[in-house]
Amino acid sequence: MNTPSTNQSDSTPAPAQPLPQIQVVAAVCQQGSAVLATQRGYGPWKGWWEFPGGKIKNGESHHQALARELKEELDADIQILRHLTTVQYTYPDFHLTMHCYLCHLTTPSFTLNEHLAARWLTADLLPTVQWLPADQELVQNLFSKYL
C-alpha cells in the first residue's frame, strides 16, 4: 500500500532562522556645538563613521558598558548625562539595538586605539561623513530632537 509523501518539495523555502540580537551602547559626546564622530578601523564597515561605544557584556549596565568602551577605544573617561534614544536596525546578518547617551569627555584628550580618525562635527558637518546605517537615524535627528 502506497502512503502519501510528507516531504516538502525542493522549491519550498526553509523557515527563516532568527537573526542574532546584539545590544550596544553609543556615546554622543558633546563639546560646545559639536559632537564626536569616530571612523571605524576594523571589520567589514572599516572606514565608516559612528559614535564611539560597543557591545554590552553580560552583567553590565548600560553606563558600565559605555564607560568601559570609551576607556578601551579612546582611553577617555566620560560623564554620562542622559539617555537620548534607542535605535533598532537590522543588518543583513544581525539585529542591532543601540542605546544612545549624551556624554561629556572628562579627560582633556583621547587616543584612537581602534579608530582611524575622529572629528568634532557641528550640525552642518554631520552629513559630510559616511555614517554606519544604524547611526543615520540618530544623525538625522540629533540636533533637532535630542540636543
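Backbone phi angles across region 134-139, fed through the Karplus curve with coefficients 6.51, -1.76 and 1.60 (θ = phi - 60°), yield HN-Hα couplings of 5, 7, 4, 4, 4, 4 Hz in residue order; Gly and Pro are listed as x. If R0 is taken as 25 Å, the Cβ-Cβ distance between Thr111 and Lys46 corresponds to a FRET efficiency of 0.85. Straight Cα distances below 21 angstrom link Lys55 to the lysines Lys46, Lys71, with same-chain residues fewer than 8 positions distant left out. The H on the amide N of Gly54, modeled in the peptide plane, is under 5 Å from the matching H of Val25, each at least 5 residues off or on a different chain.
Taking the Cα centre of region 21-146 as reference, the dipole from Cβ charges on Lys and Arg (+1) and Asp and Glu (-1) amounts to some 100 debye. Note on region 66-147: Rg/Rh from C-alpha atoms, Kirkwood Rh, equals 0.95. Centre-to-centre separation between the Cα atoms of region 98-115 and those of region 50-65: 12 Å. Bridges between two residues of the chain, per DSSP, are antiparallel at a rate of about 70%. For region 99-115, 3J(HN,Hα) computed residue by residue from phi via the Karplus equation (6.51, -1.76, 1.60; θ = phi - 60°) reads 8, 9, 10, 7, 9, 10, 6, 9, 9, x, 8, 9, 10, 7, 8, 10, 10 Hz, glycine and proline entered as x. Positive contributions from Lys and Arg (+1) and negative ones from Asp and Glu (-1), summed over other residues with Cβ under 13 Å from the Cβ of Gly53, come out at -2. Give me the Debye-computed log₁₀ of I(q)/I(0) at q = 0.09, 0.10, 0.20 Å⁻¹ for the chain, equal point scatterers on Cα only, no solvent, two decimals. With one equal scatterer per Cα and no solvent, log10 I(q)/I(0) is -0.33, -0.39, -1.31. The angle between the Cα long axis of helix 62-74 and the longest principal axis of the Cα atoms of the chain comes to about 70 degrees, rounded to the nearest 10.
In this structure, the amide hydrogen of Asp77, modeled 1.01 Å from its nitrogen in the peptide plane, lies closer than 5 angstrom to those of Thr106, Thr107, counting only residues at least 5 positions away or on a different chain.
Since every read-out is calculated from the coordinates, none of them should be taken as a lab result. The structure displayed is predicted, hence computed values, not measured ones. With ideal geometry, Cβ positions are generated from the backbone for all residues, glycine too; neighbour counts draw on all protein chains shown.
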